[in-house]
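This report refers to the structure that appears directly beneath it.
The values are calculated or read from the model by the stated rules, or taken from the named source; none is laboratory data. Every value quoted in this text rests on a predicted model; they were computed, and no experiment measured them. Neighbour counts run over all protein chains shown; Cβ positions are idealised from the backbone, glycine included.
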Amino acid sequence: MENMRIPPHHIEAEQSILGSMIMDIDAVVIASELLKADDFYRQSHKEIFNALIELYSNNIEIDIITLQDKLAEKGQLEQSGGLSYLGKIAIETPTSVHVKQYIKIVADKSKLRKLIKASSNISTKSYEAAENVSDIMAFAEKEISNILQCKA
């Protein structure tokens, strides 16, 4: 039986990014430039991030209430943890000043997950050996190159 491992992630850093975005519009700008929703490990955090970006893009002031409303409008409030979870991440965020550090942590974990997936894909192709070695090498190079092209 294969040993199932939990992919690299840092929930507290994800929460701190989202909390920073709720508290500080500058954090929204920085996070939107450096991250994508897929960089978050938890699905609920992806949904919260997308809702925050949507509020910002539509020039709607961001706070827990507007975020709650946006998530409810999208039918994602409950799976995102509800109002109590939104309040928790805002209150427990140490400071928005360090949002770039939180982003680096999350981006690094995201890249590791992508690297794990790419290496699995490369391994599968290598074991199948249905293609010639040059094609597999080109595929491997492309997989790694895609990770290197990531935003953060």
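Here are a few things to note about the model shown:
- In the set (1) closer than 23 Å to ALA31 by Cα; (2) of a type in the set (Ser, Thr, Tyr); (3) surrounded by fewer than 14 Cβ atoms within 10 Å (Cβ to Cβ), SER120 fails one condition alone, (1).
- ASP108 meets all of the listed conditions (1) surrounded by 18 or more Cβ atoms within 10 Å (Cβ to Cβ); (2) at negative phi but one, namely (1).
- The residue that is nearest to SER16 (Cα to Cα), among those in segment 105-145 that are among the acidic types (Asp, Glu) and in a helix (DSSP H, G or I), is ASP108.
- In the condition set (1) modelled with pLDDT under 95; (2) under 17 Å from GLU14 (Cβ atoms), LEU112 is compliant with all but (1).
- Residue check, VAL99 touching a residue at least 60 places away in the same chain (Cβ under 8 Å) and under 13 Å from the mean Cα position of the chain (by Cα): no
Conditions (1) in contact (Cβ under 8 Å) with a residue 60 or more places away in the chain; (2) outside any helix (DSSP H, G or I); (3) touching a Gly at 6+ places or on another chain (Cβ under 7 Å); (4) surrounded by fewer than 15 Cβ atoms within 10 Å (Cβ to Cβ), marked per residue:
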| residue | (1), (2), (3), (4) |
| --- | --- |
| ARG5 | no, yes, no, yes |
| LEU18 | yes, no, no, no |
| ASP26 | yes, no, no, yes |
| HIS45 | no, no, no, no |
| ASN50 | no, no, no, no |
| GLY75 | no, yes, no, yes |
| SER80 | no, yes, no, no |
| PRO94 | yes, yes, no, yes |
| ILE103 | yes, no, no, no |
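- Considering segment 62-92, and only residues there that are among the β-branched types (Val, Ile, Thr) and out of contact with any Leu (no Cβ under 8 Å at 6 or more places or on another chain), the residue that is farthest from GLN15 (Cα to Cα) turns out to be ILE65.
- Per-region count, segment 127-152, residues farther than 23 Å from LYS104 by Cβ and hydroxyl-bearing (Ser, Thr, Tyr): 2
Quick grid of which residues meet (1) in contact with a strand residue (DSSP E or B) (Cβ under 7 Å, 6 or more places away or on another chain); (2) of a type outside the set (A, V, I, L, M, F, W, C); (3) more than 18 Å from HIS9 (Cα to Cα):
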| residue | (1), (2), (3) |
| --- | --- |
| VAL106 | no, no, no |
| ALA129 | no, no, yes |
| PHE139 | no, no, yes |
| SER145 | no, yes, yes |
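Residue by residue, here is whether (1) in contact with a helix residue (DSSP H, G or I) (Cβ under 7 Å, 6 or more places away or on another chain); (2) of a type in the set (A, V, I, L, M, F, W, C); (3) closer than 21 Å to TYR102 by Cβ holds:
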position	(1), (2), (3)
ILE53	yes, yes, yes
ILE65	no, yes, no
GLU73	no, no, no
ILE89	yes, yes, yes
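- Selected residue (criterion: farthest from ILE6 (Cα to Cα)) from residues of segment 127-151 that are of a type in the set (Gly, Ala, Ser) and free of Cβ contacts under 8 Å to residues at least 12 places away in the same chain: SER134
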